[in-house]
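Beneath this line is the structure, given in C-alpha cells, with notes to follow.
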Amino acid sequence: MKWWKRLIFSVISLILGFVSLDYLIYAFRLLTGTQNAAGEYHIEENVLWQLLGAGLFILWFVILAFYYYLLRRSSNRIDWIERDRKTGEERVRRKWFDIMFQAALLLTGIFLRWCYLMFIYFPEC
C-alpha cells in the first residue's frame, strides 16, 4: 500500500475507533433498555428499542466488514511463496501487515476514547 493510502486509512481507523466506542455503548443501552428511567416496561415500545439496538450492532459489524473489504482491495496483492525446507512443498503466505496495522489503529482509537472517558470526562467515578 502506498504511503498516502496508508495515511488516509490510518486516520479513518483512528476516527472510526474513537467514535465506535460511543456508538456501541449507545447500541448496548438501547438493546438492554437502560434508558428507561421510570422502570416501567411497555412491550410495544421496549421491543422496538431493543430491535433498534440489535440493528445498530449488526450495522456496526457490516461497516467493519465493508472497511475490511476496502483494506483488502487497497493493499498489495502480492503474496510470498515459500518453500518448506523439510518437504520441499511450496506454500503461499498472505501479506497481512496493512490489515493488522489498521486493526491496531482501530483498537488504539477505542482505547484513546476509553481513556478520555475514564480520566477526563468521569474523573470522580
Run down the aspartates and glutamates and flag those whose C-alpha is under 16 Å from the C-alpha of Lys5, throwing out any fewer than 8 positions away in its chain.
Asp98
For the chain, what relative contact order do you get, as a whole percent, if you take Cα pairs closer than 8 Å and at least 6 residues apart?
39 percent
Looking at Tyr26, Ala104, Trp3, which one has the Cα that reaches farthest to the positive end of the dipole of the chain (charges on Cβ: Lys, Arg +1; Asp, Glu -1)?
Trp3
Tell me which residues come under 5 Å, amide H to amide H, from Lys95 once H is placed; ignore anything under 5 positions away on its chain.
Trp80
For the chain, give the percent of accessible area contributed by carbon and sulfur heavy atoms, probe 1.4 Å, rounded to a whole number.
68 percent
Could you derive backbone 3J(HN,Hα) for segment 13-25 from the dihedral phi with the Karplus parameters 6.51, -1.76 and 1.60 (θ = phi - 60°), listing whole Hz in sequence and x where the residue is Gly or Pro?
5, 5, 5, 4, x, 5, 7, 5, 5, 5, 4, 5, 5
Solvent accessible area, Å² - Glu89, 1.4 Å probe, full protein context
120 Å²
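In deg cm²/dmol and to the nearest 500, what is the mean residue ellipticity at 222 nm of the chain if only DSSP H runs of at least 4 residues count, each as -39500 (n - 2.57), divided by the residue total?
Estimated from H runs of four or more residues: -23500 deg cm²/dmol.
The values are calculated or read from the model by the stated rules, or taken from the named source; none is laboratory data. Values in this document were obtained by computation on a predicted structure and should not be read as measured data. Positions of Cβ are generated from backbone atoms using ideal geometry, with glycine treated the same way; all protein chains shown enter the neighbour counts. When the accessible area is computed, the model is the full protein with side chains, heavy atoms only, and any ligands, DNA or RNA have been set aside. Shrake-Rupley method; radii C 1.70, N 1.55, O 1.52, S 1.80 Å.
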